[in-house]
1. Net charge around Glu97, counting only other residues with Cβ within less than 12 Å of its Cβ (Lys, Arg = +1; Asp, Glu = -1)?
2. Among residues other than Pro122 whose Cβ falls under 10 Å from its Cβ, what is the net charge (Lys/Arg +1, Asp/Glu -1)?
3. Among the lysines, select those whose C-alpha is under 19 Å from the C-alpha of Lys115, and discard any that sit fewer than 8 residues away in the same chain.
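Coordinate-derived values only; no laboratory data. Remember, predicted model here, so these are calculated numbers, not experimental data. A quick note on method: Cβ atoms are made from the backbone with ideal geometry, for glycine too, and the neighbour counts reach across all protein chains shown.
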Amino acid sequence: RDLRMLPRSRATIALLLASACQVSCLVLQAAGARPRAVVASRCSPAMSMEEGDAGVGKCKWFDVQKGFGFIDVENQEQDLFVHQTDIKAKGFRSLAEGEALEFKVSRDAKTNKLKAIEVTGPGGDFVEGAPREPYYDDDGY
């Protein structure tokens, strides 16, 4: 069949390219090879999160004193930054290492990098958070 007769709409071309790219990545992965970063960033699910997406993952680490940490996103190579102001919790907002999470993806206005917002526990529940260290007053009270 003559290729000039195929539809040339941008949507069709984009769909064909995306499909071909996904197949290439799957073939590479099945062969035990890891797609290059350039390829992975365009077609692999490993780097495909975009602003507005919903995601799930686990807390990789969270610094309670500084109020931020990172989420290990399920089926992604890229971790997401999370700030304590974006965590849904009762009282003190923090995350426990390894805690299961749900969140939405947003773009930070200052850094232009992706970050997690509206961070909750599974099913939209409050997060468990890190265990609080007891407060000790120097005067013993």
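1. -2
2. Values: positive: none; negative: Glu99, Glu102, Asp125.
Once all neighbours under 10 Å are counted, the net charge is -3.
3. Lys58, Lys60, Lys66, Lys88, Lys104
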